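What follows is calculated from the coordinates using simple rules that are stated; it is not laboratory data. Fair warning: this is a prediction, and the values are worked out from it, not measured in the lab. Please note: Cβ atoms are built from the backbone with ideal geometry, for glycine as well, and neighbour counts cover all protein chains shown.
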Amino acid sequence: MILVTEVEQWLFMDQLTADQAAVPTILVEKDQSGARSFTPMRTLFQLKKWTAAKAFIPLLSCDEAAYKAYEVFHVDALPPYALLQGGRVVLKANQKDTVYEEALAMSGKTTDEDVLSFALQYIEEMLDEDIVLASGFDLADVSRVPDDVYVPGDAVMTGQRLFTWANKQMERGG
């Protein structure tokens, strides 16, 4: 099982929220303006575990330049793939996947949903593993994390629920 997660909504929080959190947090995104995103330490440990197992892929809305500000995906938890711009760009080991870029261009997919579905199918084929999506996107042909795992506006609780659910799924064999 490969867990593809919309990290900006599900796992990361802004500095004010992190400062008010009842659990320890760590900086995961820093750009020229300073600290931007944080995640709970427990979530970071899970990200490290899951990326080391090549079983976690971040889904982000940003472009490649902005992705470089996510220190967590360059230092602590290097994912096998990353989906940027909602799946319009695929990075393999943090390098642009030009094979994907050409395949997407030839596919004629243009809507956000179609592009993301195409990207997920591509990665599923590349890794020969089933994808489970943790996202606000509701794609008919993609397995999803149960809706009750996501707690709007609460990255601490959502991260705990997500990885508890995912770890149980892995114990059951995917």
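Distance between Cα centroids, segment 38-74 to segment 130-174: provide it in whole Å.
16
Could you give the size of the charge dipole of the chain about its Cα centre, using +1 on the Cβ of each K and R and -1 on the Cβ of each D and E, expressed in debye and rounded to the nearest 20?
With Lys and Arg at +1 and Asp and Glu at -1, about 620 debye.
So if the hydrodynamic radius of segment 1-63 is defined as the Kirkwood radius over C-alpha pairs, what does Stokes-Einstein give as its diffusion coefficient at 10 °C and 1.306 mPa s, in µm² per second?
128
What share of the DSSP beta bridges in the chain is antiparallel, in percent to the nearest 5?
55
Can you list residues whose amide H is under 5 Å from Ser37's amide H, if they're 5+ apart or on another chain and H is modeled 1.01 Å from N?
Amide H neighbours of Ser37: Val28, Glu29.
Helix hunt in the chain: which complete DSSP H runs extend at least 18 Å axially by C-alpha with mean Kyte-Doolittle at least -1.0?
What comes out of the filter, once short or polar helices are dropped, is 112-127, 155-171.
Step by step: find N for the chain, compute 2.2 N^0.38 Å, then divide the Cα radius of gyration by it. What's the final number?
Scaled against compact globular proteins, the figure is 0.98.
Output ³J(HN,Hα) for segment 9-24: one whole-Hz value per residue in order, computed from phi by the Karplus curve 6.51 cos²θ - 1.76 cosθ + 1.60 with θ = phi - 60°, and x for Gly and Pro.
Karplus-based 3J(HN,Hα) across segment 9-24 equals 9, 8, 10, 10, 9, 7, 5, 4, 5, 5, 5, 8, 5, 7, 10, x Hz.
Report relative contact order for segment 2-159 in percent, whole number only (criteria: Cα-Cα under 8 Å, sequence separation at least 6).
For segment 2-159, the relative contact order is 26 percent.
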